[in-house]
1. From the list Ala361, Ala376, Ala388, Ala352, which one is modelled with pLDDT of 85 or more, touching a helix residue (DSSP H, G or I) at 6+ places or on another chain (Cβ under 6 Å), among the small types (Gly, Ala, Ser) and surrounded by 15 or more Cβ atoms within 10 Å (Cβ to Cβ)?
2. Any residue at all in segment 50-69 that's surrounded by 14 or more Cβ atoms within 10 Å (Cβ to Cβ), within 18 Å of Ile169 (Cα to Cα) and in contact with a Leu (Cβ under 6 Å, 6 or more places away or on another chain)?
3. Within segment 219-245, how many residues turn out to be surrounded by fewer than 18 Cβ atoms within 10 Å (Cβ to Cβ) and in a strand (DSSP E or B)?
4. Going through Val207, Val179, Val184 one at a time, which residue ends up being closer than 19 Å to Arg115 by Cβ, among the hydrophobic types (A, V, I, L, M, F, W, C), in contact (Cβ under 8 Å) with a residue 60 or more places away in the chain and in a strand (DSSP E or B)?
5. So which of Val425, Val498, Val432, Val484 is under 34 Å from the mean Cα position of the chain (by Cα), among the β-branched types (Val, Ile, Thr) and part of a helix (DSSP H, G or I)?
6. Any residue at all in segment 35-53 that is in contact with a His (Cβ under 9 Å, 6 or more places away or on another chain) and not assigned by TED's automatic domain parsing to the domain that holds Glu296?
7. In segment 520-549, which residues are surrounded by 12 or more Cβ atoms within 10 Å (Cβ to Cβ) and among the small types (Gly, Ala, Ser)?
8. Every residue in segment 28-84 that is touching a strand residue (DSSP E or B) at 6+ places or on another chain (Cβ under 8 Å) and aliphatic (A, V, I, L, M), please.
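The values are calculated or read from the model by the stated rules, or taken from the named source; none is laboratory data. In this text, all values refer to a predicted model and were calculated from it rather than measured experimentally. Glycine also receives a Cβ, built like all others from the backbone with ideal geometry; neighbour counts cover every protein chain displayed.
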Amino acid sequence: MPLDYVLSLADLGANLTTVGGKGASLVRLVAAGLPVPGGFHVTTAAYQDFVDANFLQADILAAVAPADPAQPVTLDAAASKIGERFRQATMPPAVASAIARAYANLGGEPAVAVRSSATAEDLPELSFAGQQETYLNIRGQEAVLKAVQKCWAGLWTARAIGYRAQHGIEHAAVRLAVVVQRLVDAESAGVLFTANPVTGQRDQAVVTAAWGLGESIVGGLVTPDVVNVQKADGRIIGRETADKQVMTVHSEDGTREQPTPDHLRRAPVLDDDAVAELVRLGRQIEQLCGGPMDIEWARAQGKFAILQARPITALPEPEVPIPAEWPLPGKGPFFRGSIVDFLPDPVSPLFATLGRDRYNAGEERLMEWFIGDKNARMTWLDIINGYAYISMRLSLGAWLRILLALTRLSRLIRTATARWREEAVPQYRSAVARWQSRDLSESPGADLLDGVREIYDAAINHLTSLQSGLLGAAGGAEAIYTTVYDRLIRRPGDPASVALVLGYESAPIQAERALYDLARWVGGRAGLADYVQSRPTRPLVAELAGQEAPPIVDAAAWRDLQVRWQTYLER
């Protein structure tokens with residue numbers, strides 16, 4: 001009997017490749033002495049021998065080749081074809097014998113839970129929760145073998161096929177292991193999150209709990225109790241006790257739902273001490289696995305059992321309390337304008353250091369050119385509570401030097417266009433082209449940092465050349481025009497001055513109008529418009545850059561849209 005068809009849950013040699021994500025997680029938990037129900041792994045080698053013995057692989061790959069997540073009917077068709085082949089297949093005798101012996105070693109014919117464990121599941125960046133099958137209250141050798149074979153077929157449900165395709169996971173590379181565990185005769189069950197999945201707070205845990213087996217929670221059949229807990233000390237900081245109208249219980253051939261007894265419906269499933277005990281187990285699991293975890297648990301006769309644990313995916317960044325105080329780096333004044341108009345959100349730590357310094361260095365260069373004193377710059381970029389602000393902190397001496405230099409203002413404006421066209425733009429283009437031509441993967445980290453500084457300096461030089469001449473002249477002209485218009489020309493009922501200024505054919509106005517025209521063109525083609533509106537942005541942009549038209553869209557209209565879209569981007 002090949003030894004690698006089954007492994008003990010405690011086998012330290014088991015890993016993601018041999019026992020899948022769920023199985024590998026259980027190995028760590030068992031080795032750490034956590035309360036995991038006993039059982040065994042049916043390894044991926046058993047699955048592979050089953051597939052090979054029944055010549056399934058070629059049929060599987062042929063069935064999934066046309067499957068498209070954007071077209072659910074193709075996923076259903078692939079799953080139906082593969083499911084039929086699995087139902088017709090027979091388990092190799094050596095595999096069946098290994099599973100039967102491992103089940104017999106549990107003693108008698110105990111009720112077990114048979115759970116799928118794929119090699120591409122429970123990864124930190126992806127959640128495969130609910131993708132594969134679980135069978136509860138399975139009793140007897142034949143029933144266990146049938147459940148294992150059903151789990152294998154569950155690797156190829158429409159949902160699982162679509163999820164892998166959507167996330168670029170090769171169908172040919174996935175394998176399925178199965179975890180067989182003694183079934184916990186649960187009085188209550190639920191899920192423990194070792195971080196708050198709603199707010200992202202890592203110092204909180206959230207417990208959901210319902211009576212009976214946990215399938216009522218997983219299947220969305222019951223609204224569970226929800227308990228928010230301070231993770232460090234187990235202190236309850238919030239509790240919602242639900243009206244739990246149904247519960248999942250064992251039946252002769254699996255599980256069933258039944259009404260929750262009246263005296264339990266509105267009663268808390270776990271008291272404070274039990275919640276604190278569960279959270280202590282969660283902290284141990286989190287420390288063992290190295291990050292926030294989603295843990296399924298059950299409780300029988302006052303004792304907790306850990307059924308599985310997976311990383312929490314898509315955990316939001318923790319909410320940051322709104323600061324009560326805003327300590328200022330000087331007297332100011334501080335305002336949001338100029339470059340800060342492009343920074344509406346809190347800035348990154350890298351910008352708060354490198355970006356801020358390069359902007360301020362650019363301002364120093366401008367003032368040194370203008371009045372010969374870089375220390376007399378008029379504005380600084382400051383970071384206050386994570387947000388960027390422009391500040392003006394000029395000494396009396398600096399003000400005097402600037403006032404004396406105003407005689408050069410006309411020169412500053414006259415030379416602005418030449419400085420922008422002949423110095424700033426060529427410098428920026430040169431820096432960008434130089435770094436675009438380099439293989440960044442082969443560049444040392446120090447060189448990359450130098451490149452960031454070089455491009456940043458060129459960009460800031462470009463910005464200050466506009467600010468010091470073109471934008472200043474334009475802003476001043478607009479201010480004079482607005483004053484004259486409002487005081488001497490405007491009559492009741494006339495538009496505000498800004499309405500006349502915005503009519504100018506500037507590049508931003510042209511860009512907005514071109515995009516609007518493109519949208520109107522798409523809107524006039526019903527099938528194309530429906531498809532564009534139904535697709536998320538990233539997949540749609542990727543499809544527009546591809547070679548093939550989506551099957552449900554008119555090919556000629558799609559090619560026309562691709563040309564128009566590319567023309568817009570290039571312009």
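1. Criteria check complete, one pass: Ala388.
2. Scanning segment 50-69, I find at least one residue that is surrounded by 14 or more Cβ atoms within 10 Å (Cβ to Cβ), within 18 Å of Ile169 (Cα to Cα) and in contact with a Leu (Cβ under 6 Å, 6 or more places away or on another chain), so the answer is yes.
3. Total satisfying the criteria: 8.
4. Val179
5. So the residue among Val425, Val498, Val432, Val484 that is under 34 Å from the mean Cα position of the chain (by Cα), among the β-branched types (Val, Ile, Thr) and part of a helix (DSSP H, G or I) is Val432.
6. There is no residue in segment 35-53 that is in contact with a His (Cβ under 9 Å, 6 or more places away or on another chain) and not assigned by TED's automatic domain parsing to the domain that holds Glu296.
7. Gly523, Gly527, Ala529, Ala549
8. Leu29, Leu34, Val36, Val42, Ala46, Leu75
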